[in-house]
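Q: Dropping a structure here in structure tokens format, bear with me for questions.
The values are calculated or read from the model by the stated rules, or taken from the named source; none is laboratory data. Keep in mind it's a predicted model, so treat the numbers as computed, not measured. Note that we place each Cβ from the backbone using ideal geometry, even for glycine, and neighbour counts take in every protein chain shown. The protein model used for the area step is the full one, side chains on, heavy atoms only, and it has no ligands, DNA or RNA in it. Shrake-Rupley method; radii C 1.70, N 1.55, O 1.52, S 1.80 Å.
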Amino acid sequence: SRHPPHGDSPEGRDSSVETMAEEDVHENVLRIFRKLDTDGTGLILYSKLESVLQVVAGFQLPSDVLHEFADASPGNIRYEPFLAWIFESAALRRTGNQSHLRTARLKLNAAHALRTKEESMLLGISIDFLVGGFLAEVEEFFGTGADPNYHEINREMLCNPEARGGKLTCPRDHLPGCSYVDSLDAEHSGPATVMLSWTWSYTARTVVTALSRWCARSKRDPKTTFVWQCALCNNQFRVEEKKARNELEDFDVFREVFENRVQSTGHILALLSPWGSPVYVKRIWCVFEIWAASHAQRCKLEVILSEEAERDFHEALAADGMSTVWKVFGSIQIQRAQASVQRDRENILKLVDPDANSEKDYQNSDKVKNLNQQVVQCLQRWCAETSTEYVRSCLQSGQYLPARAGANTAWLLMEVADWSSAWDLLQHCRDALKAAGKNGSLDDAWLLKSMGAWQTDHGEYDEGMALYHMAKAAMETGGATATLDYARLLRTMAKNAMGQGHLHDAMELYRQAEEAFVNAEATGTPNYAVFLRSLASCHRALGQLDEAMEIYTRSKIAFEVSDATHTPNYAGVLMDIGKCKLAQGKSQIAMHLFEEAERAFHLAGSYRTVQHADLLRAMACCHSEQEDHERALEVFRNSKHAYEACHGSKTTNYAHMLSDMGCCLKHLGQLEESEECYATAERVLHEAHADEDAMDILSPTAMRKMPTFS
């Protein structure tokens, strides 16, 4: 069996203290008392000092000794002269109780003895100690280089009778056995300044290195930054004792502890690891903690990564890493997350939606959906900010930065509707390529394609197509015509042509794109599924619904086979199939598909985009088809707001939405606003240089014959 490190038993620590210089011990104790003296009066309660001596030394000093240092105010002791006296050798002779007083001197250095229950409950461990003392202790228990998880650490170091806190008195209930943090002195523990949201399956080094890196980057002093981490700050002796009695920890107690921690620290660190498939988002307490923190007033929430997870994140960013991002977001579903104790899971879900009574209810709950959406939004925002920080750091330091990392980061910024930062980043990345003499290179093609997408999403179709042509020329010059990237570029160019209503030009570009996919041997990839979706949309726009449905079905299957159902494009293909069904007069089937698409968009974190605005428009048209014009108008207004919020008010999709909305208003007899919608739609199409056929679609009669979804 393993044994505690040498010198870590209470006796071992006493002997080490005895070797300290007397004045150092005195100063340390004085510092502790000053911490307790929050108002700086130089006084401490007589009852508190007396109870401390009783707990740590097992005796009481004669009342006349304590009264000698009493203050004029009732019940208080002047602690500085008292401590000066107790550390004088003459004091030993005066009490006639030398062994007890010596113990008092030494034990006064143990901070846990001077804490109230309330102070103990809010205590955290310094990051400085975690990096040094804690990891050293882990190695002494488990061997040099060992990196156990916290389930293993708990058995050996946190609830073992021979462990650090095994023979100390807990300040929370005055029973033997205290929390790990209560076994530390005042130098290494203090009121928690941050709370860690994490899982016990993480290893010691995963947690400690992530905290250390965050502390360094935040320019915080690790000696005064105290972390509340449940494994080390809860009393694991009591937890295990309850387990042995088959008692469960009360959920309300856990909840109260968590809420107190949020309020007292005002700062939560959520640790994700590993990056590609973080265990964190699959644990119900973790998802709940992010959600609760995002709702708490004056609470800062930060996501941190271990060194390995951060490296994986950067590699994913430089590769086709957006699929990984979507997969992480798509896995956040609190109703599917697990807990070590099933009752905790039930209580948390009931807390989120008190009206739900079954798993099916939780799957369909709007409150659960909103929670998932808010957690995804929080992580998505962090993802964009962290990626931007990484790219800018590389650019400023001259460090090599793959062009794809810049392009993918710009995409993330566009997803969170930070369009100006996205464009600024792309321009800086191009400037760096120009300085390196790589204008017109394959790397440049990636950035040009992203800049073209930025312009197209803003309704600047001509500018977007010009950038696409520059990217195409760079790829052809670089001999990259048989690559997946070239095929994807051609698909994007075709989509741009569709936006202006140049459907036959678009169809020719789709033909070239399919040939490029075949040449690149990439017909089994999620990108090919995206291509099929775009091709089907072109057939639908041409009124070829049977062909469109056949290709949409192939696209849906391709997404599912390639495990890409967590992406916005999969949500989009569900929406597009619904549009076909609506055009065929099958409005109920269409609405079911639209609702499924909406859930998929939210899971992918893609609900502030033109695509999601398109979905709202489609749902509004479905309500109109069902003669529910009041509800349709409400959803049309939501769609209009969504387009405008993501800078899509210059797109032809926005114009078609206004046309549909104008028709709805006409049904409701609101003719003046209806005419305004038609006029604005016509202006947007003219400014987008849309094809004349697209202009003809503005007729409500023509719209009913062939829906204007694009």
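Q: I'd like the distance between the alpha-carbon centres of region 466-541 and region 225-276, rounded to an integer number of Å.
A: 52 Å
Q: Please give the peptides 150-157, 298-305 ranked by average Cβ packing (other Cβ atoms within 10 Å per residue), highest first, as a rough proxy for protection. The partial results should precede the final answer.
A: Working: 150-157: 19.8, 298-305: 18.1.
Listed from highest to lowest mean packing, they are 150-157, 298-305.
Q: Run the simple label-point estimate for LEU175 and GLU676 please: 7 Å along Cα→C-beta, distance reported in nm.
A: Using points 7 Å along Cα→Cβ, the separation is 7.0 nm.
Q: Stick to the Cα atoms of region 347-470, pair each with every other, and give me the Kirkwood hydrodynamic radius in Å at one decimal.
A: On the way: mean 1/r = 0.0602 Å⁻¹.
Taking the inverse mean of 1/r over all distinct Cα pairs, region 347-470 comes out at 16.6 Å.
Q: Per-residue accessible area for GLU256 at 1.4 Å probe radius, Å² rounded to 10?
A: Taking all protein chains as shown, GLU256 has close to 100 Å².
Q: Quick one: with all protein chains in place, what share of the accessible area of region 120-162 is carbon or sulfur, to the nearest percent (1.4 Å probe)?
A: Numbers: 810 of 1600 Å².
Solvent-exposed carbon and sulfur of region 120-162 make up 50 percent of the total.
Q: How many Å² of accessible area per residue for region 548-616, probe 1.4 Å?
A: Numbers: 2300 Å² over 69 residues.
Result: 33 Å² of accessible area for each residue.
Q: Show log10 I(q)/I(0) for region 112-187 at q = 0.13, 0.17 Å⁻¹, two decimals, from a solvent-free Debye sum over equal Cα scatterers.
A: -0.40, -0.67
Q: Using a 1.4 Å probe, how large is the accessible area of THR609, given in Å² and rounded to the nearest 10?
A: Probe radius 1.4 Å; accessible area of THR609 about 20 Å².
Q: With just the Cα atoms of region 554-611, tell me how far they stretch along each of the three principal axes, in Å, largest first.
A: 30, 26, 16
Q: Would you work out what percent of the accessible area of region 373-425, with all protein chains in place, is carbon or sulfur (probe 1.4 Å)? Write down the numbers at each step before the final one.
A: Details: 890 of 2040 Å².
Roughly 44 percent, rounded to a whole number.
Q: Further question on the same structure: Could you give the accessible area per residue of region 191-249, probe 1.4 Å, as a whole number in Å²? Numbers along the way, then the final one.
A: Numbers: 2620 Å² over 59 residues.
I get 44 Å² per residue for region 191-249.
Q: While we're looking at this one, here's another question. Using only protein heavy atoms and a 1.4 Å probe, report how much of ASP628 is accessible, in Å² to the nearest 10.
A: Result for ASP628: roughly 70 Å² accessible.
Q: Once amide H atoms are built 1.01 Å from N in the peptide plane, which residues 5 or more positions from HIS267, or in another chain, come under 5 Å H to H?
A: Sorted by chain and number, the residues that satisfy this are MET195, LYS300.
Q: Whole number in Å², please: accessible area per residue of region 332-474, 1.4 Å probe, ligands, DNA and RNA not counted. Intermediate values should be presented prior to the final figure.
A: Details: 6250 Å² over 143 residues.
Ligands and nucleic acids excluded, the figure is 44 Å² per residue.
Q: Using only the alpha carbons, work out the radius of gyration and Dmax of region 615-658 in angstrom.
A: 10.1, 30
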